[in-house]
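These notes are about the structure you will find just below.
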Amino acid sequence: MLEMSLREPVLSPSLLQIKDYAAMTQPWTTPALFDALETHVARERLPMKLALEPGSEPTISIHLPEHGDLAIHLAASGQQLFVSTPLCFGSEVNDRAKFNDACLRLNPINPLSNIGLQSFDGEDVYMVFGELSTRSPIANIVEEISMLADNTLQAAQALQSFIQRA
Amino acid sequence: MSILEKILTLFRGAATEAGQSIVDKNAVRILDQEIRDAQNESVRAKDELARLMAQQKIAADKLAAKDAKKAEYEGHIQRLLASGDQNLARDVATKVAQLESEVGEEQKSSTSLAAAIEKMHGAIKTADRRIAGLQQQVDQVKVNESVLRSQAAISARYSGQNAKLSTALDSLDRIKTRQVEQSARIDAAEQLAKSEGDGDLEARLSKAGLLTGGSVSADDVLARYQTVKVTQNAPAQLAAPDTSAAPAAANAAAKNA
């Protein structure tokens, strides 16, 4: 029965759903992941707006209207998927040492995501990011994205006292 | 210096000295160069390995030839001794002794050659693994960079040309603004509902005791039942309009029951 339905040219909706939770036999590439995510988001009616940003290293941008229009970026490279969003600028932080300390303490209790520091155009940017295997099923990737959004806003709220906005 | 140390140094430099931001921009190029160096090293090591393996092959061939020669001479010695040619047998035996020491020598060098080859194999494997690791780190640096770049491009697209990278704090602000807006909207809607549907006027009228339709108290309900019972038994009391008559009517009803 299952075999017969797997032989169909188009997978039935229930099978498609199972597929979303199954580990991948092939690693994701960014464009392939974009197509799969778009289908998944449309089917599950998730509050996410997706766009593929072209370039030599293409990325997927995800807008989350329910998280204050938070923009999350997703890119596949080699063995891992990198999901990230900027937390704040280093220049906005009052006391970098205390802030770093607070971030390091938040890190272990943040499920599925981490806080890190990156340089961008000569400026330090604190990032909240998560890493996944490029063979992760779509459902895990979506979970990572929404978890990252929640964590980011929570971290921003928790670290607000250290930040001096321009 | 390991690659991670190098990355840390590069970025630390960029963070502390304004003039060093050029290093930051060149970081990826420096890392790429590092990979190319490691690759060249690996290629050189592979050439060296090929040379050693060729050497080992030649040595092995020579060894085999000498072994064959020795076996041949040993056969001769036996035949010469059988035929009683002692002198020639001695000469051949001298040759065999020389060959034997040569074979021993060559076997020793062949063993050390094999060990060198084994070591070289290991070194190449390590180098190749290191290159793969480096490549992954460089890819990651590039992807992180491009992720930030498109993030900045999107911020600019959403909020004007010169907008900075939009951060979580902006989102937090937006959520707060939205919450304020929403509660303001709810207040406004309530106000509107009040003024539109005569709500305000009705409220004022009912406050003045002119409207009874709005709220119903327990007393009202009780009174309603009591009047109904009274009505059944004493229709004459129906005319009693004020509620103060109700307790009396209730008493009457209780007595009747």
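The values are calculated or read from the model by the stated rules, or taken from the named source; none is laboratory data. It should be emphasised that the depicted structure is a prediction, and the values quoted were computed from it without experimental measurement. Using ideal geometry, Cβ is built from the backbone for each residue, glycine included, and neighbour counts are taken over all protein chains shown. Areas reflect the complete protein model, heavy atoms only, side chains present, ligands, DNA and RNA absent. Shrake-Rupley method; radii C 1.70, N 1.55, O 1.52, S 1.80 Å.
The listed residues A:MET48, A:MET4, once ranked by accessible area (1.4 Å probe) with the largest placed first, stand as A:MET4, A:MET48. When A:HIS40, B:HIS76, A:HIS67 are compared by accessible area of protein heavy atoms, the largest-first order is B:HIS76, A:HIS67, A:HIS40, using a 1.4 Å probe. Counts of other chain beta carbons within 10 angstrom of each beta carbon in peptide A:114-120 average 4.
Highest mean first, the peptides B:177-189, B:106-118, B:138-150, A:111-123 sorted by other C-beta atoms within 10 Å per residue fall in the order B:138-150, A:111-123, B:106-118, B:177-189. For the segment A:82-93, counting C-beta atoms of other chains within 10 Å of every residue's C-beta and taking the mean gives 4.
The mean number of partner chain beta-carbon atoms within 10 angstrom of a residue's beta-carbon across peptide A:51-60 is 4. Between B:ARG157 and B:ALA189, the distance separating the two model label sites (each 7 Å from Cα on the Cα→Cβ line) works out to 3.2 nm. Between chain A and chain B, roughly 3300 Å² of accessible surface gets buried, counting both sides and using a 1.4 Å probe. Counting only alpha carbon atoms, the long axis of helix A:96-106 and the longest principal axis of chain A meet at about 40°.
Calculated FRET efficiency, B:ALA68 to B:LYS119, Cβ-Cβ distance, R0 = 25 Å: about 0.25 to the nearest 0.05. Taking the protein heavy atoms of region B:95-160 in the context of the full set of protein chains, the accessible area attributed to carbon and sulfur is 56 percent at 1.4 Å.
Residue ranges B:57-66, B:31-40, A:72-81 sort as A:72-81, B:31-40, B:57-66 when ordered by packing (mean number of other C-beta atoms within 10 Å per residue, highest first). Length gained on full extension, A:GLU66 to A:ASP101, computed as 0.36 nm times the residue gap minus the Cα-Cα distance: 9.6 nm. Split the accessible area of region A:14-99 by element, probe 1.4 Å, and carbon with sulfur accounts for 54%.
Between the Cα long axis of helix A:30-44 and the first principal axis of chain A there is an angle of about 80°, rounded to the nearest 10.
All other residues whose Cβ lies under 12 angstrom from that of B:GLU100 are scored, Lys and Arg at +1 and Asp and Glu at -1, for a net of -1. Looking at region A:61-112, the pairs of alpha carbons with a distance over 12 Å make up 75% of the total.
Shown for region A:140-166: residues covered by the partner protein chains by 20 Å² or more of accessible area relative to the chain by itself (probe radius 1.4 Å), namely A:LEU153, A:ALA156, A:GLN157, A:GLN160, A:ARG165.
With a Förster radius of 45 Å applied to the C-beta separation of A:THR29 and B:ASP61, the computed FRET efficiency comes to 0.35.
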